[in-house]
1. Could you size up the charge dipole of the stretch 1-136 around its Cα centre, putting +1 on the beta carbon of Lys and Arg and -1 on that of Asp and Glu, and report it in debye to the nearest 20?
2. Tell me the accessible surface of Cys108 in square angstrom (1.4 angstrom probe, heavy atoms of protein chains only), to the nearest ten.
3. Give me the lysines in straight-line cross-link reach of Lys43: C-alpha distance below 29 Å, same-chain residues under 8 apart excluded.
4. Which of the listed residues, Asn142, Phe12, Ile54, is farthest toward the dipole's positive end in the chain, when Lys, Arg count +1 and Asp, Glu count -1 at the beta-carbon?
5. What order do Val42, Val64 take when sorted by accessible area (1.4 Å probe), most exposed first?
6. With a point put 7 Å past each Cα toward its Cβ, work out how far Ser45 is from Arg101 in nm, to one decimal.
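The values are calculated or read from the model by the stated rules, or taken from the named source; none is laboratory data. Everything numeric here is computed off the predicted structure, so don't read it as measured data. Every residue, glycine as well, gets a Cβ built from its backbone with ideal geometry; the counts of neighbours run over all protein chains shown. Each accessible area value is taken on the protein alone, full model and side chains, heavy atoms only, with ligands, DNA and RNA left out. Shrake-Rupley method; radii C 1.70, N 1.55, O 1.52, S 1.80 Å.
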Amino acid sequence: MARVPVFYSFHFDNDVMRVQQIRQMGMIDGDEPVSKNEWETVKRSGSGAIERWIDANMNYKRCVVVLIGTDTHARPWVQYEIKKAWADNRGLLGIHIHNLRCPNQGTCSKGTNPFDQFDFRDANGRSVVPPVYDPPAHDAYNHIKNNLAAWVEDAIARRR
């Protein structure tokens, strides 16, 4: 399978170490990680700057992968990224990452599906729900690694 450019959406403070594990799998072309310092600079510049940063970094991405930790569903910028992905007709999927072990925090509680907050409609007005995957606790890392590329391709195909 070809490596597809994706945008990862996640709660930075809680989940950046889990997200790094997924990026380092090398299965797809994920966006470059933003440093905590860069993100803090963007945040201090105001909501307009954050929207411009997200828009620029999401540009040319074919799919948005929402990495779902404990509090991801409540993050306003994750919600913005989900809305933008859908409006831009990008592939969209979620992956629960609570079973990936963070070196600092271990595993975390399973988060609420952030897609439950939205009413997604296809081009014909039918209600649809983007796929959400919940890798098993005993082998979450390998489950994600072995399936991520196919999940992304499927999410893109669903939007065609």
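1. On the way: 17 positive and 16 negative charges, 24 e Å.
The calculated dipole for the stretch 1-136 is roughly 120 debye.
2. Cys108 exposes around 40 Å² with every protein chain in place.
3. Cross-link targets: Lys61, Lys83, Lys84, Lys110.
4. The one lying farthest along the dipole's positive direction is Ile54.
5. Details: Val42 20, Val64 0 Å².
Order by accessible area, largest first: Val42, Val64.
6. 3.8
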